[in-house]
Structures are given as structure tokens and as C-alpha cells.
Amino acid sequence: MAIQEILCTLFKLGASCYSMPIDKLLIEYLLVPSVILILFLYFAVGFVLRGFNSKLKGLLSIVMYIVVVYSGLYSVFAPFAYSYLFLMIILLMAGFFVERLVSREWASAGFKGAGKLYKKLKEKIPSEKDLRKLIALYNTIENEIVELTKKASSASDDEKKRYERLLIEAEEREKEVRWNIINAATDLKEKKGLSKDLEDEIKKIGIKI
């Protein structure tokens, strides 16, 4: 059968593929393993490219799938995927929850980092260098909020909800860092005094000490 020969050659499934029943070939060696592999690749790409558009992640997943097929690795994965289908489903579910959990943890990393930084500042007299780190973090979050706002305004409904969630998290981090700057600057001003250029930097981000 011409179609079967093309599929066997394209996916490099070996000599036994040519005499295999077409329904077994399509379901056990092509459809089910391909879906599982693409989902695995999608979660892997999503783990690396957090915050990127889902269309881009989907495109990269397909490209990686083509590379796996072309390299011949698919012929090793396909029999295993169907034989251990239940295990594959469990792994996919675990991958989904891990990817979601890690994305949320990393999205709030700036919030936690700001808290740890100010905790260290409270243990000693804050320096201007420490305060500038907080200001730099504040500016980074401000830029992040601007970018998320732009993406949310042009995103689809599903994507807009995700961007809105990330925007709320970024705004919470911004409030925390702002509070840390106020406290650190106040302590530094009372104990050592603030230089003119640092005062200007603080005023530039809309904070009065």
C-alpha cells in the first residue's frame, strides 16, 4: 500500500512496519504516540519559555516533533508510548501540574527576592548600594507591568486571562518593593543621610522620603 510505505519510511519504523495492519500502524504507532510526544514537548517548551505566547510554544513543539521524527528517535519512542499508555498519561498529568506550579513560583520570584533583600537590609545599616538594588528591581517590575499590559490588550480571551493574572502578581510585587524602598531609604536617611543623586532616583520613581 503506497500510503503505508510512505509512513513507514517517513517515521523510520523498521521493516516490520510494511507488513503491519494499517489500523494498527495508524493508532498504535502514529496517532497515540504522536499526541503524547507533542504534549510532552509542549510542556517542556512551556517550562523553558514561561510567559511567551502559546502559539509560539506550539510552533516550537511541532518543530521539535519533526526533528525527533527525522532523527529516527520516534521509532524508539512510539512502541514504548502505546505499550505504557497509562504511565504516559500519569507523566503528562504530572508534567502539567509541575509546569503550572513552577511558572507560578518563578512569576513570584521577584516578590520573594525583594522580601529577602530587605530582610538582609534590616539586619544592618542599609547602604546606598543596597537601596539602588531595590530601585533597579522596582524599575524592572515597572517595565514588566508595561509589557504585560500591552500583551493583555492584544491577546485572545484565553491568553488575556493569563496575562491579567501575571499583571496582578507583578503589581503585588511592585507594592512590596515600593514599601521596602520607603523603609530602607528612611532608615538610611536617619542613620547616614542620603546623597543628592540617590534622592533624585527615589523621587524619579514617585516616592517621597
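Only the coordinates and a few stated rules stand behind these numbers; no lab work does. Predicted model only: the values in this text are computed from it and were never measured. Every residue, glycine as well, gets a Cβ built from its backbone with ideal geometry; the counts of neighbours run over all protein chains shown.
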> So how do L73, L92 line up by other beta-carbon neighbours within 10 Å, fewest first?
Replying inline: L73, L92
>> Under 13 Å between alpha carbons, and skipping anything fewer than 8 positions from K196 in its own chain: which aspartates and glutamates qualify?
In response: E128
>> Report, in listed order, any pair from K160/K208; K150/K208; K129/K175; K129/K150; K55/K203; K151/K189 with a Cα-Cα distance greater than 30 Å.
In response: K160/K208; K129/K150; K55/K203; K151/K189
> Can you put F80, F43 in order, fewest other beta carbons within 10 Å first?
Replying inline: F80, F43
> Over the Cα atoms of the stretch 2-105, what is the Rg over Rh ratio if Rh follows Kirkwood?
Replying inline: 1.04
> What is the gain in length, in nm to one decimal, between S127 and I209 on full extension, counting 0.36 nm per residue of separation less the C-alpha to C-alpha distance?
Replying inline: 27.9 nm
>> Based only on other Cβ atoms within 10 Å, what is the fewest-to-most ordering of I89, I135?
In response: I89, I135
> Under a point-charge model restricted to the Cβ atoms of Lys and Arg (+1) and Asp and Glu (-1), what is the dipole moment magnitude of the stretch 2-105 relative to its Cα centre, in debye to the nearest 20?
Replying inline: 360
